[in-house]
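Encoded as C-alpha cells, the structure appears first; notes follow it.
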Amino acid sequence: MIKKLDIEGRGMTSQRTRDRLITLLKNKGITDERVLSIMRRVPRHLFMDEAMASRSYENTALPIGHGQTISQPYTVARMTELLIQESLPENVLEVGTGSGYQAAILGGLVKKLHTVEVIPELYKNARDLLYNLGYRNIHPHLSDGSWGWINEAPYDAIIVTAAPEKIPNSLLQQLEIGGTMVIPVGQQNKTQQLQSIHRLSEDGYKTNTHEFVQFVPFVTK
Ligand code: SAH
C-alpha cells in the first residue's frame, strides 16, 4: 500500500530526471507529443523495487523479480506511438502487465485498458499499485494471455510486451477489423523484431516491421 505522501514526495524529486528522459526520447526519434507528455507525468520509479528506483529514469530495462523486466522507456514510448498512430483506440488489450508501467502510460491515453498477466505476484502488485495511483480505467486480469481476454473482445488495439515466436491466433482473432496490434516477434536470445499488424478484413492482415528489440519470452502452456 503506497501512501499518498510517498507518491508525491518521490515524484517531485524525480521530475527533473524525468524531463531529461523525455529529451533523450525526443533525440532518439519519438515525436508523438501525447506519448512524450504522458511519459513526463507517470512516475516510473514507483513501478520498481525501491533498491532500483535511483536508476528508473535511465533508458534501460530493469528487473522486477520473477525473471521479468520493466521495459526500456524508449521501447515503451515507441510501442505506444505505433499503437496510437492511426487513431486513439478506445478498448485496448495489453498482454504482459509486468510492473504495470506500460499499462499506466496507456491508461492515461485511452478510454479502457484490459491487461493480462500470468505470474500471480506480478499481477497482484500491479493491480494494487495501479488502483492506489487512482487508475479506474485499467482492468488487470490474472490469466494466460495466449488466449487473449475473450470477455471484452474485440479490441481496437492490442499490445504484447513479451515475445512469442509466432503470434497466437486468439490475439489475431480478438483484434477488431481496422484495429492495430503491436508485438515483438522472434526467438529468445536471437533476433526479435517489433511488428505492427493492421487487421484489414476478416482474414486480411497487413504487417509492418520495425526495430530490433529484446523481450522476455511469451509464455505458452
Ligand atoms: N509491460 C510490462 C513488461 C513486463 S515483462 C511493464 O511495463 O513492466 C513481460 C511480462 O509478460 C512478464 O511479466 C511476463 O510474466 C508476462 N507474460 C509472458 N507471457 C505471458 C502470457 N502468455 N500471458 C500473460 N502474461 C505473460
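Since every read-out is calculated from the coordinates, none of them should be taken as a lab result. Everything numeric in this text was worked out from a predicted model, so none of it was measured. Heads up, the Cβs are rebuilt from the backbone with ideal geometry, glycines too, and the neighbour counts pull from every protein chain shown.
For segment 60-213, pairs of C-alpha atoms spaced more than 20 angstrom apart make up 44 percent of the total.
Among the trypsin sites (Lys or Arg not before Pro) within segment 101-157, those in coil by DSSP and having at most 11 neighbouring Cβ atoms inside 10 Å are R136.
Label sites at S54 and I150, each approximated as a point 7 angstrom past Cα along Cα to Cβ, lie 5.0 nm apart.
Ordering of 74-80, 189-195 by packing is 74-80, 189-195, highest average first (other Cβ atoms within 10 Å, averaged per residue). Beta-bridge orientation, the chain: approximately 45 percent antiparallel, per DSSP, counting only bridges with both partners inside.
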